[in-house]
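Shown next, in structure tokens, is the structure this report addresses.
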Amino acid sequence: MADQLADIQERQLLRKRQPVERLPGGRIRVDGVEYHDLSSNDYLDLALDPRVRQAAIDDIEQNGWGAGASPLITGYSPRHAELEAAIARFESTEASILFPSGYASNLGTLSALAGPNDVLFSDARNHASLIDGCRLSKATVVIFDGRRPETLEAELSRQVGFERRFIVSDSVFSMDGDIAPLGDIVSLARRYDALTYIDEAHATGILGSNGRGAAELLGVESLIDIRMGTLSKALGSMGGFVVGDQTLIDWLVNRVRPYIFSTAFPSAAAAAALKGLEIIQAEPQRRQCISILAMNMKTSLQREGFDIHPSSTPIVPVIVGTPQCAVGLVDILRRKGFWTRPIRQPTVPAGTDRIRISLSASHSTQTVESVLAEVLHHGSARSLRGSSPKFDADHPENR
Ligand SMILES: Cc1ncc(COP(=O)(O)O)c(C=O)c1O
């Protein structure tokens, strides 16, 4: 272990934690110093919203904190039931099920759904929780590149003789911020008799006119078989969910191991998520504001030669090409009062090391312009420009 740690330190890939205090107005305090936080997934600034906090406090006063048991024992509270019903209404589906986290939702649901006789077509850029769910299912896993839907079609026509086929994809890719080609995915799924499983973790509350996500934005909600989301990002709470028809949800209650064998998240977290859900529906201006900030920033970066995907999601990757450049740029920004984190291999493919800026409704136009000016000044040196090689699916670290 010590040798491995020394090795990853040498390659500038060592990950370290730092205690961070969250402050109002999109700021944080680290080691006594305050920064603008450009790294959180609390996109709509709800985690510190007084209404969300009060909802949690009121619930704690009534029900205490820990849930005390898994949902099938005594951990499923009236607040969990209320939240499941509210999510199902919001998502226009028959039912929903809550999990301790988004990670557990993907891991548990995929590993329950698919088995050794099935095949899972998984986008190369899928989140680790989808990758791990696919692996745990023991199904055959086939990787495709969603940026070229023809690679999915080629695999769908090549991989035959399985019992069931599933196409699995993020709807918004967490490290790039672009949107998956959901239209192509659902039409290929129909043509090749596959089921679709889509992760809306970074899209719930952000995309679509009602904030239901990328599937709403692209008009394909009713064509997707299973959708999941998380309560831990735009909704400002914790936990994950899957939505679908009642039979699916009843089946998941009986089959998903992280549901059956893990303590439910606290009732107060469900109360906070309920309030978050209410706010995202009542205050669409939050997502409209973030979408404008993101579009403006991405357009400016693209104009200056940065390789980014021009979507209106709040995730803005600044690809610098090496772990050293990513750590260096993070350090420069930190000294200017902006907190970002380097995203390095193997989280992203070797050669596409980056900083990931995530914008939030708490950021003022002035903050965004200031950080943009710093990035353009320090991150756009000629040596860093256009330095992101194409994704290499065969590279061992990318599998
Ligand atoms: C695409 C995606 N899916 C799932 C998750 C897991 O969600 P949670 O943080 O609620 O466990 C994440 C979190 O980073 C994510 O980015």
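The values are calculated or read from the model by the stated rules, or taken from the named source; none is laboratory data. Owing to the predicted nature of the structure, the values given are computational and were not obtained by experimental measurement. A quick note on method: Cβ atoms are made from the backbone with ideal geometry, for glycine too, and the neighbour counts reach across all protein chains shown. Keep in mind that these areas ignore ligands, DNA and RNA; they rest on the heavy atoms of the full protein, side chains included. Shrake-Rupley method; radii C 1.70, N 1.55, O 1.52, S 1.80 Å.
For Trp65, the conditions (1) open to solvent by less than 30 Å² (accessible area, probe 1.4 Å); (2) part of a loop (DSSP other than H, G, I, E, B); (3) more than 30 Å from Ile357 (Cβ to Cβ); (4) among the hydrophobic types (A, V, I, L, M, F, W, C) all hold with the exception of (1). Residue count for the range 200-214 under the criterion of being near the ligand (Cβ under 10 Å from one of its atoms) and either out of contact with any helix residue (DSSP H, G or I) (no Cβ under 8 Å at 6 or more places or on another chain) or open to solvent by less than 10 Å² (accessible area, probe 1.4 Å) (or both): the result is 3. Does Tyr43 count as closer than 23 Å to Pro100 by Cβ, open to solvent by 50 Å² or more (accessible area, probe 1.4 Å) and under 26 Å from the mean Cα position of the chain (by Cα)? No; evaluated as a whole, the condition is false for this residue. Checking each residue in the range 122-136 for being open to solvent by less than 30 Å² (accessible area, probe 1.4 Å) and either over 21 Å from the mean Cα position of the chain (by Cα) or among the charged types (D, E, K, R) (or both) picks out only Asp123. In the set (1) assigned to a helix (DSSP H, G or I); (2) within 15 Å of the ligand (Cβ to nearest atom), Ala47 fails one condition alone, (1). Residues of the range 3-12 include at least one that is touching a helix residue (DSSP H, G or I) at 6+ places or on another chain (Cβ under 8 Å) and either open to solvent by 20 Å² or more (accessible area, probe 1.4 Å) or modelled with pLDDT of 95 or more (or both).
Just one of the numbered conditions (1) open to solvent by 20 Å² or more (accessible area, probe 1.4 Å); (2) farther than 30 Å from Asp176 by Cα is not true of Gly75: (1). Looking across the range 183-196, just one residue is in contact with a Gly (Cβ under 9 Å, 6 or more places away or on another chain) and within 16 Å of the ligand (Cβ to nearest atom), and that is Ile185. Just so you know, in the range 13-34 the residues that are charged (D, E, K, R) and not in a strand (DSSP E or B) include one that is most open to solvent (accessible area, probe 1.4 Å), and it is Arg17. Which of the residues belonging to the range 280-302 are of a type in the set (A, V, I, L, M, F, W, C), open to solvent by 20 Å² or more (accessible area, probe 1.4 Å) and at pLDDT 95 or above? Selection gives Ala282 alone. Counting only helices (runs of 4 or more DSSP H) that sit completely within the range 86-175, zero hold 3 or more residues that are within 14 Å of the ligand (Cβ to nearest atom) and among the basic types (Lys, Arg).
Within the range 223-279, can you find the residues that are β-branched (Val, Ile, Thr), away from the ligand (no atom under 12 Å from the Cβ), open to solvent by less than 60 Å² (accessible area, probe 1.4 Å) and outside any helix (DSSP H, G or I)?
Pass one, the range 223-279, residues β-branched (Val, Ile, Thr): 224, 226, 230, 242-243, 247, 249, 253, 256, 260, 263, 279.
Those still in the list that are away from the ligand (no atom under 12 Å from the Cβ) too: 224, 226, 243, 247, 249, 253, 256, 260, 263, 279.
Checking which are open to solvent by less than 60 Å² (accessible area, probe 1.4 Å) leaves us with 224, 226, 243, 249, 253, 256, 260, 279.
Of everything in the range 223-279, those that are β-branched (Val, Ile, Thr), away from the ligand (no atom under 12 Å from the Cβ), open to solvent by less than 60 Å² (accessible area, probe 1.4 Å) and outside any helix (DSSP H, G or I) turn out to be Ile224, Ile226, Val243, Val256.
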